[in-house]
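The values are calculated or read from the model by the stated rules, or taken from the named source; none is laboratory data. Small disclaimer: the values here were computed from a predicted structure and weren't measured. Methodologically, a virtual Cβ is constructed for each residue, glycine included, from the backbone with ideal geometry; neighbour enumeration extends over all protein chains shown. Side chains included, ligands, DNA and RNA excluded: accessible areas come from the protein's heavy atoms. Shrake-Rupley method; radii C 1.70, N 1.55, O 1.52, S 1.80 Å.
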Amino acid sequence: MSSLQQDAPLRARTRPSTGRPALPRGLAFAGMGLIFVAFLAAAAAPSPLYVLYQDEWHFPASLLSVAFAVYAFGLLLTLLVVGKLSDYIGRRPVLIAALVAQIVAMTLLFTAGSIELVIVARIIQGLATGAATGALSAALSDLAPAKKPALGAVIASLAPLVGLALGAALTGVVVQLSSEPITVVFVTLDVVFALGLVVVFASPESVSRKAGALRTLIPRVSVPELARREFVAGAFLLIGVWLTAGIYLGLIAQVDRDILRLGTGSINGILITILSGAGALSVFATTNVRPRVVAISGAISLAVGVSFTGIAIAAHSLPLLIIASLVAGIGFGLGFAGPIRLVSPLAKVHERGQLFSAVYVVCYLTFGVPAIVAGWLVGVFTLLPVVIGYAALAAVSSLVGLAAQLRRAREDG
């Protein structure tokens with residue numbers, strides 16, 4: 001199969017709702033991409049702030065893992081329940097509900113007076129992001145320019161990486177410059193998501209309503225038959241990608257404070273920014289490279305980078321950790337983008353929501369469950385061996401993903 005065939009998604013007809021002005025298709029496409037970036041920026045924003053929450057409220061370190069992981073579980077629950085809903089009722093209603101819930105979560109995060117309320121806010125944030133993720137990915141495929149149909153899949157894989165980088169970087173800067181970083185970060189995000197509501201209201205709807213929406217609320221994961229073999233091959237690599245994300249977003253704050261003895265949210269933000277920023281740049285640089293090559297390159301880079309992340313932490317070396325984060329970041333980006341570019345053209349318009357939801361179920365199940373286990377294991381084995389084991393598991397998964405991609409490449413001929 002040629003790269004053009006692999007990348008060319010099946011087109012959807014967009015139809016603006018009657019009785020209201022609609023954004024041009026190109027602006028709506030750009031707006032959906034920016035909203036996607038904002039959701040993932042909000043996901044990364046709390047990571048550099050967890051140390052501040054703990055310094056103020058003096059809660060056990062294990063609750064940091066809980067606050068991190070409940071976001072992933074809330075997201076996973078929403079994907080299972082409403083992941084296909086936008087295929088039936090339209091992208092806009094799902095996105096409007098998600099944005100409203102996200103505004104509630106951001107408001108709770110800057111008004112919270114205890115870690116328990118932060119955990120509640122993170123659950124709501126996970127639910128909102130889960131509802132938005134599948135709908136945004138599908139909307140980007142629907143609204144992609146006719147002359148560049150593969151751009152939807154590229155942006156769907158690029159936006160989360162850009163969002164994570166921006167969220168971590170800007171929060172780290174705010175921690176250094178502001179006396180009220182928590183308020184500044186989350187009030188700003190509230191404004192951003194309010195503007196996102198305006199964009200969604202003004203955007204054309206790309207899916208006609210059809211019967212059967214209630215049946216989609218039964219929790220289940222399904223992958224269109226044509227996409228299943230590619231989905232399975234990509235899943236191993238996606239697991240390695242999101243295990244790596246779990247290390248950086250879930251444990252790196254404790255590593256900085258307890259192993260490297262740095263104890264500053266700005267360093268946490270810098271490392272997350274290096275990881276996701278390198279990932280975003282690598283995705284952008286390979287938009288014209290065949291998706292299979294992207295996936296194979298990502299698997300190699302991720303296996304090498306995350307292995308050296310474990311070595312750097314064991315050696316208590318920040319310079320080596322920065323270099324490892326850069327290499328792992330390249331693998332993070334390419335290992336995420338490659339499988340998405342390979343699988344997305346294999347779904348029809350009315351199957352895109354369920355396909356992207358299945359992809360993100362794999363991602364966020366990997367993102368959340370190991371973090372909870374790691375938080376428990378830290379109390380038994382201490383932090384260093386747990387982080388090294390976590391990195392080793394990510395490296396092994398990446399190598400299995402590499403083998404799966406090489407096998408698919410041979411089958412492609």
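Couple of notes before you dig in:
- Scanning the range 222-251 for residues that are more than 19 Å from F336 (Cβ to Cβ) and open to solvent by less than 80 Å² (accessible area, probe 1.4 Å) returns S222, P224, L251.
- Residues that are surrounded by fewer than 22 Cβ atoms within 10 Å (Cβ to Cβ) and either touching a Lys or Arg at 6+ places or on another chain (Cβ under 6 Å) or in contact (Cβ under 8 Å) with a residue 40 or more places away in the chain (or both) within the range 182-194 comprise T183, V187, D190, V192, A194, listed in sequence order.
- Within the range 93-106, being surrounded by 21 or more Cβ atoms within 10 Å (Cβ to Cβ) and under 21 Å from S141 (Cα atoms) holds for V94, L95, A98, L99.
- Scanning the range 262-302 for residues being part of a helix (DSSP H, G or I), of a type in the set (A, V, I, L, M, F, W, C) and farther than 23 Å from A168 by Cβ gives a total of 6.
- Tabulated pairs, the range 149-161, first within 13 Å of F284 (Cβ to Cβ) and open to solvent by less than 20 Å² (accessible area, probe 1.4 Å), second of a type in the set (V, I, T) and not in a helix (DSSP H, G or I), C-beta under 9 angstrom, 6+ apart or interchain: V154/T287
- Residues of the range 355-396 that turn out to be closer than 20 Å to A69 by Cα, open to solvent by less than 20 Å² (accessible area, probe 1.4 Å) and of a type outside the set (V, I, T), as a count: 14
- The set of residues from the range 192-228 being of a type in the set (G, A, S) and within 19 Å of V81 (Cβ to Cβ) comprises A211, G212, A213, S222.
- Failed criterion for L320 (all others in (1) touching a residue at least 40 places away in the same chain (Cβ under 8 Å); (2) surrounded by 16 or more Cβ atoms within 10 Å (Cβ to Cβ); (3) over 30 Å from A132 (Cα atoms) hold): (1)
- Test: residue in the range 289-303 that is of a type outside the set (G, A, S), in contact with a Lys or Arg (Cβ under 8 Å, 6 or more places away or on another chain) and buried (at least 24 other Cβ atoms within 10 Å of the Cβ): yes
- Identity of the residue in the range 37-83, outside any helix (DSSP H, G or I) and of a type in the set (A, V, I, L, M, F, W, C), that ends up most open to solvent (accessible area, probe 1.4 Å): A61
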